[in-house]
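The values are calculated or read from the model by the stated rules, or taken from the named source; none is laboratory data. Everything quoted here is computed from the prediction, not taken from an experiment. Because the Cβ atoms are built from the backbone with ideal geometry, glycine has one as well, and the counts that use them run over all protein chains shown. Heavy atoms of the whole protein, side chains included, go into the accessibility calculation; ligands, DNA and RNA do not. Shrake-Rupley method; radii C 1.70, N 1.55, O 1.52, S 1.80 Å.
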Amino acid sequence: MIIIMAGGRSSRMGREKPVLKVGGRPMLLRVYGEAKKVGEVLVAVSRNAPKTRELCLREGIPIVETPGRGYVEDTLFLLREFGPFISVSADLPFLKASDVMAIGEAFDGRTSLTGVLPLGRIPKDLHPLTYRGYAIIGLNAVGTEGEKFFELSNPLLTLNVNTPGELKLAGRIARLVEKPFKAFRELHGGG
């Protein structure tokens, strides 16, 4: 089970992050599109995120209601309800299915895995939360018996969009990264 965490207060952004657009698409739809390539996905919403709930209902995306008292409390609630799961933050616009698959394959269903990226792999304009020589990523496996780090390889996972400045940066990156691929696909008949 993959659960996208999308019920937070978005206090640093000042508005609901999952519905904000990066590259012309709401971040939640970008994350959901990649996660559903890997397995069954639910979106965790709360009373803090009414626009996110509306988006999910409009798009036919399955949701689960959480208490909305914070990330840790909501994660524990989901663990009690569903057992071990893969947790993905809704504000990781450059998440790839391969990232979710990598942590899923490493997860034994018991030991929690905290997704990390070595500091040397972080693009210079990004300033993620760091701990013991790693950037902490919003992609985790939630288990019941301890915790260890799991190294990921996608450097753009360090862009966790929390502020208006990070949203603007994500938009610039999307234009740089995604437009050339779209043009290439169109040139070579990939649509």
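Would you call residue 143 in contact with a strand residue (DSSP E or B) (Cβ under 8 Å, 6 or more places away or on another chain) and not charged (D, E, K, R)? Answer is yes for this residue. Taking the stretch 82-123 as the range and being of a type in the set (S, T, N, Q) and either out of contact with any Asp or Glu (no Cβ under 7 Å at 6 or more places or on another chain) or modelled with pLDDT under 95 (or both) as the test, the residues that pass are 87, 89, 98. The residues of the stretch 70-89 that are open to solvent by less than 40 Å² (accessible area, probe 1.4 Å), within 14 Å of residue 144 (Cα to Cα) and of a type in the set (A, V, I, L, M, F, W, C), listed by number, are 78, 79, 85, 86.
For residue 29, the criteria (1) outside any helix (DSSP H, G or I); (2) without any contact (Cβ under 8 Å) to a residue 40 or more places away in the chain; (3) crowded, with 16+ Cβ neighbours inside 10 Å hold in every case but one, which is (1). Entry remark, the stretch 101-121: residues being in contact with a Gly (Cβ under 8 Å, 6 or more places away or on another chain) and not basic (Lys, Arg) number 11 in total. Out of curiosity, is residue 33 at pLDDT below 95 and not acidic (Asp, Glu)? The answer is no for residue 33.
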